[in-house]
Every structure is written in C-alpha cells, then in structure tokens.
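Accompanying notes for the structure given below.
The values are calculated or read from the model by the stated rules, or taken from the named source; none is laboratory data. Everything numeric here is computed off the predicted structure, so don't read it as measured data. Here the Cβ positions follow ideal geometry from the backbone for every residue, glycine too, while neighbour counts run over all protein chains shown.
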There are 2 protein chains.
Amino acid sequence: MLNFDYSIPTKIFFGRNKIEVLAEQVKNYGSRVLLVYGGGSIKRSGLYGKIVDIFNKSEISFFELPGVEPNPRVTTVKKGVEICRENKIDIILAVGGGSTIDCAKVIAAGYYYDGDVWDIVVDPRKITKILPIATVLTLAATGSEMDAGAVITNLATSEKLGTGHKDMNPKFSILDPTYTFSVPANQTAAGTADIMSHIFEVYFSNTNSAFVQNRMAEALLKTCINYGKKAIDEPENYEARSNLMWTSSLAINGLLSYGKETEWSVHGMEHELSAFYDITHGVGLAILTPHWMEYALNDKTLNKFVEYGVNVWGLDASGDKYEIAHSAIKKTREFFVTLGIPSTLKEIGIGEEKLEKMANQATVRGNLGSFKPLEAEDVLNIYKASL
Amino acid sequence: MLNFDYSIPTKIFFGRNKIEVLAEQVKNYGSRVLLVYGGGSIKRSGLYGKIVDIFNKSEISFFELPGVEPNPRVTTVKKGVEICRENKIDIILAVGGGSTIDCAKVIAAGYYYDGDVWDIVVDPRKITKILPIATVLTLAATGSEMDAGAVITNLATSEKLGTGHKDMNPKFSILDPTYTFSVPANQTAAGTADIMSHIFEVYFSNTNSAFVQNRMAEALLKTCINYGKKAIDEPENYEARSNLMWTSSLAINGLLSYGKETEWSVHGMEHELSAFYDITHGVGLAILTPHWMEYALNDKTLNKFVEYGVNVWGLDASGDKYEIAHSAIKKTREFFVTLGIPSTLKEIGIGEEKLEKMANQATVRGNLGSFKPLEAEDVLNIYKASL
C-alpha cells in the first residue's frame, strides 16, 4: 500500500426527502445562491419548483444559470463566473448530474481567478481559492458530488480536460434516489458504465498490496452488475437506484484510490471522443473498456485479470488463467450490451477520420496509465479495435 | 437502504514516516498540547522521543497524561480534564491504541462539562463542546482514530459504557503501519478480532437492501482473514500491517453502517465481561462471537448466514443452507483459534458466579440488537454457552 493523505470532507444527506435540509445547510454559507442546472428535466420533475419554494420560504435569494451542456463548455463556465461576480454569490448550488456539478466547480474556482478561466482547466495549479459549492444530485454516474475534480470542454480547441483542487469538494450533497427514477434507460446505462469505469481505472493497478482497496473495488463492481439492468427495467426500484447512487459517490471519492497507483487511461482516451464528437461519456467508456482490457492483458497483468474474473464475475479459479481473463473481459462486454449500450464506435457515428489526431491529443500530456502504459500508437490501436 | 447523514471529517495521514506532518497539523489548532498515552511501549519504541523532538523543534509546549489503562478509567479522564484546565490546552494528542484515544476523547468533552465527568459517559446528550483531539495510532483495533465514539470504565460501579458526540471525531490521525510492528502476537490477535467484530455488528442486520454496504463489509472481513495470522507470524510484514491498520479505521468510521440498522449486541455483552473482569476487549469478543452467531441463527436469519459463508469464506452455495451457516460459524471460531485466542470464558478466568448479574446489566438500557433481539435471559444463555 502506498502512502496517502485522506480527506473526504463532503457531507452527504442520503435518502428520500432529504431536500428538507437544504435551507439550513445553505445558510451555513450565506443567503445568496447561484442555481446551476442543465436542461428542463428538473422543471418537469418538479424538483426546480421545490427548491424555489424552499428558497422563497427561507429568505434565500437566488440567481440562475440554466442550460449547462452534457459536456459542459468553458463558455458556460464564463457566464457563471460573471453572474457570481455581479451578484455577490455566497454559494453555488448545482442541481443535476456530473456535468452540471463540474460546471459549478469551475465557476467556483474561476470566481477567484483574474485571467481567462480556461487557464485553470489547463493548469489546475492556478486555482487558489474556491467559492463554496453544494449539489442536489439527479443522476448516478460521475461521482462529482463527492470528489474534488471537474471536466470541462472547449469546443473552440476540441479539448476536454480534467481539473481539480483539494478544496473543490462540495460542502454538502443531497442524494435522494427518487430523483433518479425519471432518468431514461440510456442515461441509466451510461451512468452505470461511468461508475464501473471509475472503479476499473483504480482497480487495474500495479499496487497489488492494496488488498482492502481491491476487495472494496470488487464490492462496488458487484453492486453495479447487480443493479444496472434492474434500474433500467424497473426505473422506480428504490433498492436499485439507491445502491447505484451511493456507489457512484464511493467509486471516485478517494476510498478506492488512496494508497494505490491508478490508471485513468480509458478516461484519457474517451475524453478525446467526447471532445471531438460530443458523445455521451459513459457510452464512450463502455465501448473502449473491453478493448482496453484485451490490449492491457499480458503475462505481467494476467493475474489481475484472473482476480477480476474470479472475484467479480464468479469464474472458476481452477481453469486456465488466460481463459479466465478472456472470459472476464467477454462478460464485461456482454454486461454493457445487456444495458443497451452500443458496442462499436461506428454505431455512435465515429469513423476512422480523426482517430490518429485523437490518439495524439490523448497522449499530449504523456503516456496514459502505468498498469499498461499507452503511447499514441497504443491508443490508436485501441480506437481502431473499437470501430 | 435507510436514510443517512454521512460525515467523516477526520483527515488521515497514512504510511511510513507520516509523523512528519505532526507539527504543521497541530499548529492548525494551537501550540499547547496534552500528550495522552498508555504504558511504556511508546518510550521503548522511540516514538515518544520522536514526538518530543518534533514538539521541541516546533515550539509546541506539551503536558503529559501517561498511564492510560487498557480499559480506560473515568478516574484517569478526570486527571486529564484537570491538566487541560490548569494549562489552557489547545489540542489533545493521543498516542497509542483505542483505549488511549477513547480516554482523550472524553477528556476533550469533559473539559467543557461542569459536573462529574462520568455524567457525560452515562448520558452523551450532556456533551456540548469538545476540545480538538488528534491521534498517532499504534494498534490496529478499535477504529477510534476515525470515529466519534469512546468507551470508558468505572471500576467503582463495575460499569463500562460507550459515549459519543457528532463532533468527537479526531481532527486528524497519523497511521504509520510500522508503529504496529512491535505489537505482540496476543494484541495483534485481539485487535484483529475487534476489527472483525465491528464489521459483524453492522453486517448482520435486517437491512438487506444495503447491498453495497454488505459487499464492502465482506471486503473488510476478507482482509482481516487474509492478514490476521500473517501479521502474527511476520510482525514486520508491512503489507499485512498496513491492510489491518486501514481496515480498522474503515470498519467503524460509518462507511459500513450508514444506511443500515445495526446490531452491537456482542459489544454490549462483552462490555460487561471487561467491566467485571478487566479482560482484553478483543478476546472477549472473539469468545462470544461464534456463540452469538449460533444463538442468532434461525429460519429468519438463515439467508444472512449463508451469504456470509459463501461470500466471506468461499463455501459452496449449492449445499444445504443450515450446513453452510454452521460451517461458516465453525470457520469463524477456528480462525480465532489460529490467531491463538482462547475460546472459552473459563480460560480467561471467568466462571459462572457473575453471569446473571452481567446479563442483567448488559440489558439495563433495553434489549440488545434487532437482527436477533436479546433479552437478559438470551444474554445469559450465550454467556453460559461460552463458558
């Protein structure tokens, strides 16, 4: 196990009707709120109305930034920073999924940054101070509700980059699984794939000695496998929705990665797909993951894939090791198919044209990962295999 | 999954040489420290000298409360409160295992309480405010380094009671697994049994829908099973010591219990053994646990024991359910025996004399647990089976 410093300061209010704590919690930070959200779903579901009611009854003033995109744009971040500055905002409340939350996080950091806000995405070290942010989660996927990172897209430069800061964790997040009852099947599927990818990125690691982290990662993977399809088939199944929602937060809040060398290479590859084609993040991850696994499988990594097959998929440990590994990868691919996710890039409109450019850009900060380090050529091979 | 409010504010500095953060972290709270510790082991190991050096170099003044007992006494807490008041202490640093940390926690709460400090043990609602506390951990066992509870013994009344407060979490804890290299075999064994008991108390629950918590509990149990004996056989095995240390914190910091109805009945029964006989907590737990399991096994709880046997001990799921359950309990008992822990109360000097009195006292606050609710008579039966 590697040395680590653990700090997960976000408070979580989890369960039905937990929105009841909103006014009291907001008031710990002030009474002027920027409400950040995406499309109209929170209006259709009644959540927007509920929050407005709470604010009005509690003498909390609020300003709004609607229309955050699924891959949130730096232009939207800039708008948010302006609203905060003009209206002396005390706290930013993101209501939605990971995109909305990520956007809110970078607005909060941008508030204290004098230059072009894209700078603090490109170079997180330029982040110095952050407005308090909080979230009301409506989608189990990115885990942004409990972590200190954010991903922002710049369409002008076709870049999608991750940024973060140790103080970027939301102060509190309200997780009411019933808010995810109305999430459509394709988004539930993509969200589940996103959660699983976060776990894979830290599970497949060279740090074998992090036994307890590895077993916890398997626990979370089994949860996704147990409930992903169920949440699609029975959208109002509270047990499924609550387990997926809590797993989305635990998957990336640090619990699984503290003490380990981590990978993040599939995310690195996928960010280019989203940057160039504006596709759904979780779909890109689900398509790439089995191909990355096949590419990463070798004599050095074999035992880890066997561990995965036996502990997560219940495969017989006494079989041939390579057979177990291939079978585990096959099961992974099949699982994503049962969720209704496309399994090739072509199905989502991505052809060969930009693969080389994307492969180069994916590795512009250096090789991806360390479990199986990927150069541009490796990334290109994986993209091609995924066509 | 039940509703819950999650807050785990303790910062953890984990790994070799993490003591290097001590001065900087202490100074976030002030420069006057009460150093609380137990016997001479931290002097023999050199840790005491290292801390004194750090304080001297950093102009941190410190006062000392040595001699905290293995089952910390309320009389020692009182001494600590007096030292804090006389010397205007800013922060209490507990260096040791759970007993030392628990003692420091109640000193920190007692500092702000005007009456007899035993009152705030008997009735935690009387705790209003708490001095900052921090810990340097030297034993993987109680998890007190990352939770908000404490257990204190009153020998005058033969009572051992738990107390706690939402702000009682240490501000930070330094977990260097090498500090546990010198822990003797019997304490390593008792510590491992204590960790496992914390997990059992939340794992065996009526809340079956808390799937992700249940799978994480199994992950932690497997870690204890994988490394308990190894840490005894190879006391300087860093992998074993680090996994056990981190598991001790995760087992009881809330991660496994949030969202669940929990049990705590074996702890309730064991506290009476320690209160009347001053025995090692983990040894009492290990003796009682398999007998509690047999007593709790019935048609209603059967599936949970099967889940335990299959997922934790790898038993064949296709067998007879009661056979799986009994076999899982047998494996639990045998595991404690491989750690060298006595398996009967008689071996540790406890006879029939006080069993009835202890059973009555164990249930004085009401029945124990809800998975299998225990009245005084049930507790007595379990004590007798454990003789």
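Side notes on the structure shown:
- Set B:Gly340, B:Gly366: member being closer than 18 Å to B:Cys224 by Cα and of a type outside the set (Ser, Thr, Tyr): B:Gly340
- Condition met for B:Ala231 (away from every other protein chain (no Cβ under 12 Å), in a helix (DSSP H, G or I) and in contact with a helix residue (DSSP H, G or I) (Cβ under 9 Å, 6 or more places away or on another chain)): yes
- Residues that are in contact with a helix residue (DSSP H, G or I) (Cβ under 7 Å, 6 or more places away or on another chain) and surrounded by fewer than 20 Cβ atoms within 10 Å (Cβ to Cβ) within region B:1-44 comprise B:Asn3, B:Arg16, B:Ile19, B:Ala23, listed in sequence order.
- Test: residue in region B:206-229 that is in contact (Cβ under 8 Å) with a residue 60 or more places away in the chain and hydroxyl-bearing (Ser, Thr, Tyr): yes
- Selected residue (criterion: surrounded by the fewest Cβ atoms within 10 Å (Cβ to Cβ)) from residues of region B:165-205 that are over 13 Å from the mean Cα position of the chain (by Cα) and of a type in the set (Gly, Ala, Ser): B:Ala185
- Looking across region A:358-384, the residues that are assigned to a helix (DSSP H, G or I) and without any contact (Cβ under 8 Å) to a residue 40 or more places away in the chain come down to A:Asn360, A:Ala376, A:Glu377, A:Leu380, A:Lys384.
- Any chance A:Asp116 is modelled with pLDDT of 95 or more and out of contact with any Leu (no Cβ under 7 Å at 6 or more places or on another chain): yes
- Condition met for B:Ile89 (within 14 Å of chain A (Cβ to nearest Cβ), outside any helix (DSSP H, G or I), closer than 15 Å to B:Ile133 by Cβ and touching a residue at least 12 places away in the same chain (Cβ under 8 Å)): no
Yes/no per residue for (1) under 20 Å from A:Leu256 (Cα atoms); (2) at pLDDT 95 or above:
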residue: A:Ile120; (1), (2): no, yes
residue: A:Ser144; (1), (2): yes, yes
residue: A:Asp147; (1), (2): yes, yes
residue: A:Leu161; (1), (2): no, no
residue: A:Thr180; (1), (2): no, yes
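- Flag if A:Ser205 is touching a strand residue (DSSP E or B) at 6+ places or on another chain (Cβ under 7 Å), more than 10 Å from chain B (Cβ to nearest Cβ) and either among the hydrophobic types (A, V, I, L, M, F, W, C) or more than 19 Å from B:Ala217 (Cβ to Cβ) (or both): no
- If you go through region A:18-28 and keep only what is more than 7 Å from chain B (Cβ to nearest Cβ) and under 16 Å from A:Val95 (Cβ atoms), you end up with A:Ile19, A:Glu20, A:Val21, A:Leu22, A:Ala23, A:Gln25, A:Val26.
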